Amino acid sequence: MAARPTWQGHLKLSLVTCPVALYTATTSTNDVRFHLINPDTNNRIRMVPTDPDTGPVERSDLVRGYEVSKDEYVLFDDADFDKVKLESTKTISIDKFVDDTEIDRLYWDDPFFVVPEKGAGVEAFAVIRDAMKKQGKVALGCLVLRGKERQLALEVRGKGLIAYTLRAHDEVRDSDDYFDDIPTVKADLDMVEIAARIIGQKEADFDPSDFKDGYDDALRAMIKAKSKGGKGVVDVAEPDDTNVIDLMAALRNSLKGSATGAKKPAAKKAPAKKAPAKKKTAA
């Protein structure tokens, strides 16, 4: 496994414990990234920690400070943080089990692959995994990740587990603060029926490969054009706002367009037959 683990420790269910590692389940390596360049020198800008009085300083010499009042800080070094280490820094202790439908999707956050370390602990991992699969529940536990204690939701995925960090209650805003001001409008039943039929015509299976970042694609095209000396600027038209007067006509036209544009799923091609291997001739 080429990737380096994000976290290593133990997974614990009552008296059953096994060593595990967490690997980030997502990647951003395909994102388009830019650097800051000085256009006068074409040099890449380096971010150097700087003291306003003494100038540049070594990052390794710095400590952290918490601002208790304006320009007044309490300082902390590594030894201070070691004093408040929790058990969850090295152990994911499963505290309870719930149905996944009980967790509001607003709380689901980053996913991680949970993999057992090779050795005697694999059997204990299999016991925890198979027991969770049998009960059909999501496990809840805690761990310290990137300097913050996070609650986890763990679910069975194949031979392993997926751990999702869960946002804390105070990290999720109340939807009522935003939705309460939406005017109460009674939608026309005929228009709702037409819209429902459009939805039915567009029903499809979920395929994540269909989702592409159009903005990233446009940036890549512009990078390619600029690298060849072209301008490569892409103009994108803004969609028009819906005209309420013509809403019924727009819905009917959309329904007609969906009906004529619907495509039948392509038939699966039979796998190509392998050509018989050619006999080698003596040199």
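The values are calculated or read from the model by the stated rules, or taken from the named source; none is laboratory data. Remember, it's a predicted structure, so these values are computed and weren't measured experimentally. Virtual Cβ from ideal backbone geometry, glycine too; neighbours counted across all protein chains shown. Heads up: the accessible areas ignore ligands, DNA and RNA and are worked out on the full protein's heavy atoms, side chains in. Shrake-Rupley method; radii C 1.70, N 1.55, O 1.52, S 1.80 Å.
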Query raised in the report: If you go through the stretch 65-120 one residue at a time, how many are over 17 Å from Ala153 (Cβ atoms) and loosely packed, with under 11 Cβ neighbours inside 10 Å?
Result: 19
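Would you mention how many residues in the stretch 188-228 are small (Gly, Ala, Ser) and touching a residue at least 40 places away in the same chain (Cβ under 8 Å)? Walk me through how you get there before you give the answer.
Filtering the stretch 188-228 for residues small (Gly, Ala, Ser) gives 195-196, 200, 204, 209, 214, 218, 221, 225, 227.
Next cut, touching a residue at least 40 places away in the same chain (Cβ under 8 Å) only: 195.
The qualifying residues number 1.
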Report task. Please go through the stretch 192-247 and pick out each residue that is in a loop (DSSP other than H, G, I, E, B), at pLDDT 80 or above and among the charged types (D, E, K, R). Result -> Lys202, Glu203, Asp205, Asp207
Query raised in the report: When you go through Phe113, Phe125 one by one, which is the residue that is closer than 30 Å to Ser28 by Cα and touching a Gly at 6+ places or on another chain (Cβ under 7 Å)?
Result: Phe113
Requested in this report: Could you tell me whether any residue of the stretch 29-51 is closer than 26 Å to Trp7 by Cα, open to solvent by 90 Å² or more (accessible area, probe 1.4 Å) and either among the acidic types (Asp, Glu) or modelled with pLDDT of 90 or more (or both)?
Outcome: no
Requested in this report: Could you tell me which residue of the stretch 169-191 is surrounded by the fewest Cβ atoms within 10 Å (Cβ to Cβ), considering only residues that are among the charged types (D, E, K, R) and in a helix (DSSP H, G or I)?
Outcome: Asp170
Report summary line: For Ser88, the lone unmet condition from (1) farther than 15 Å from Leu22 by Cα; (2) at pLDDT below 90; (3) among the hydroxyl-bearing types (Ser, Thr, Tyr) is (1)
Query raised in the report: Taking only pairs six or more apart or across chains, which ones have beta-carbon atoms under 8 Å, a first residue in the stretch 167-178 that is under 13 Å from Asp109 (Cβ atoms), and a second residue that is open to solvent by 90 Å² or more (accessible area, probe 1.4 Å) and in a helix (DSSP H, G or I)?
Result: Arg167/Leu106; Val172/Leu106
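Test Pro5 against the criterion of being in contact with a strand residue (DSSP E or B) (Cβ under 9 Å, 6 or more places away or on another chain), modelled with pLDDT of 90 or more, of a type outside the set (Lys, Arg) and not in a strand (DSSP E or B), and give yes or no.
yes
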Query - Failed item, numbered, when Val156 is tested on (1) β-branched (Val, Ile, Thr); (2) surrounded by fewer than 17 Cβ atoms within 10 Å (Cβ to Cβ); (3) modelled with pLDDT of 95 or more - result: (2)
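Is one or more of the residues making up the stretch 254-276 modelled with pLDDT of 80 or more and in a helix (DSSP H, G or I)? Steps first, please.
Looking only at the stretch 254-276, we keep the residues that are modelled with pLDDT of 80 or more, and these are none.
No, that holds for no residue.
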